[in-house]
1. Only one of THR230, THR255 is touching a His at 6+ places or on another chain (Cβ under 8 Å) and farther than 19 Å from ASP323 by Cβ; which?
2. Name the residues in the stretch 171-187 that are more than 11 Å from HIS96 (Cβ to Cβ) and either among the small types (Gly, Ala, Ser) or touching a strand residue (DSSP E or B) at 6+ places or on another chain (Cβ under 9 Å) (or both), would you?
3. What pairs can you find where one residue is in the stretch 226-245 and under 21 Å from GLU209 (Cα atoms), the other is aliphatic (A, V, I, L, M) and exposed (fewer than 15 other Cβ atoms within 10 Å of the Cβ), and their Cβ atoms are less than 9 Å apart, with a gap of 6+ or different chains?
4. Just to be sure I understand, how many residues within the stretch 265-286 are crowded, with 24+ Cβ neighbours inside 10 Å and more than 22 Å from ARG62 (Cβ to Cβ)?
5. Can you tell me which residue among ALA171, ALA149 is part of a helix (DSSP H, G or I), surrounded by fewer than 24 Cβ atoms within 10 Å (Cβ to Cβ) and hydrophobic (A, V, I, L, M, F, W, C)?
6. Can you tell me which residue among VAL101, VAL49 is at pLDDT below 50 and in contact with a strand residue (DSSP E or B) (Cβ under 7 Å, 6 or more places away or on another chain)?
7. Quick check, is ASP249 within 26 Å of ALA149 (Cβ to Cβ) and in contact with a Pro (Cβ under 7 Å, 6 or more places away or on another chain)?
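The values are calculated or read from the model by the stated rules, or taken from the named source; none is laboratory data. All values reported here derive from a predicted model rather than from experimental measurement. Cβ atoms come from the backbone with ideal geometry, glycine included; neighbour counts cover every protein chain shown.
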Amino acid sequence: MKKLSLLALLVVAAFATILVACGGDDDDAPAATAPTATSAPSGDSTPQVQASPTTDPNAYARPQLLVESAQLQKALGDPNLVIVDLRKKESYDAGHIPGAVWYDSAFLKDPDEKVYVIREELFAEKVGAVGIDNTKTVVAYDDGNGLIATRFWWVLWYYGHEGSVLNGGFARWQKDGLAVSNEAPAVTKASFKAAVNDEVICALDYVAEKSDKPDPNVVILDVRSPAEYTGADVRAAKGGHVPNAVNLDWTRSLTEAQPQVWKSAADLRKQFEEAGIKPGAQVITYCQTGVRAAHTLFTLYLLGYDGLKNFDGSWQEWGNNKDTKVAR
């Protein structure tokens, strides 16, 4: 019997999820415990973020973005599917999901301008080399928490193609007792046509403008640890945060239990709303290098939020710029 494509499986799963709901950075290390949300200092505004007004609080608005192990297992062998492993090369060689290709996560940043996203033509070359074109269904995974997988997802999205992320990554796949291979698949080189989506990124000057002139329709969301936010943990020339930014650590999106997976939609919406992230505006995420920021941006998009921008230079750029203002 012919296997269903992953896209078809995701559509079926999304429909089932809705029915159930209606019935009832590479250098960005995760925090040891899940911290609480931290508000901007007194006097700072608490902006809000746009969400779909029809989103069911008990279901992900875009469930196709988050693939479960069982779904992916059923789709193995689909010629239109490209599974991307973003772990270290030695981990990939030791064992990976059958049919998965290895992508060097160093090429999510530009090799010549390391603060910023990889340039368009080079990314097209790199993903084309692992068999990705603009028609492929792409599922990315890492060791487990989705940190690098969501960065890959965001870069792919920035260049015009929407993929998915494996919930729980390789750790969840192994816990579920699914097949592992140490054979690299034969890859047919593909042609990927990058189309820059400027709506999902922003630069320092844009963030500075929104920080200097607080707008109730814009939220600047710092997804680093509370210690980085307050300046107790300094990872640049200056410590602290962008003035008028609010703080919600990216790890709060995940369960504490191992292997870590995304929390339920209801729990995620609750904690974002408690941090002041509510319908009505756009949101700018930032961290140290734009990696953790991509994870939270993915989570918000999964929930149905729109108007999302990744400040790609993040604190690596802001904290090392002599002209930027800093709050503590």
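1. Going through THR230, THR255 in turn, just one is touching a His at 6+ places or on another chain (Cβ under 8 Å) and farther than 19 Å from ASP323 by Cβ: THR230.
2. To start, the set of residues in the stretch 171-187 that are more than 11 Å from HIS96 (Cβ to Cβ) comprises 171-172, 175-178, 186-187.
Those that are more than 11 Å from HIS96 (Cβ to Cβ) and either among the small types (Gly, Ala, Ser) or touching a strand residue (DSSP E or B) at 6+ places or on another chain (Cβ under 9 Å) (or both): ALA171, ARG172, GLY177, ALA186, VAL187.
3. GLY239/ALA232; GLY240/VAL234
4. Looking only at that region, the number is 1.
5. ALA171
6. Criteria check complete, one pass: VAL49.
7. Details: within 26 Å of ALA149 (Cβ to Cβ): yes; in contact with a Pro (Cβ under 7 Å, 6 or more places away or on another chain): yes.
It is true that ASP249 is within 26 Å of ALA149 (Cβ to Cβ) and in contact with a Pro (Cβ under 7 Å, 6 or more places away or on another chain).
Condition check ((1) farther than 28 Å from VAL261 by Cβ; (2) surrounded by 13 or more Cβ atoms within 10 Å (Cβ to Cβ)) across all residues:
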| position | (1), (2) |
| --- | --- |
| SER164 | no, yes |
| VAL180 | no, yes |
| ALA186 | yes, no |
| ALA195 | yes, no |
| LYS210 | yes, yes |
| PRO214 | yes, yes |
| SER225 | no, yes |
| GLY231 | yes, yes |
| VAL234 | yes, yes |
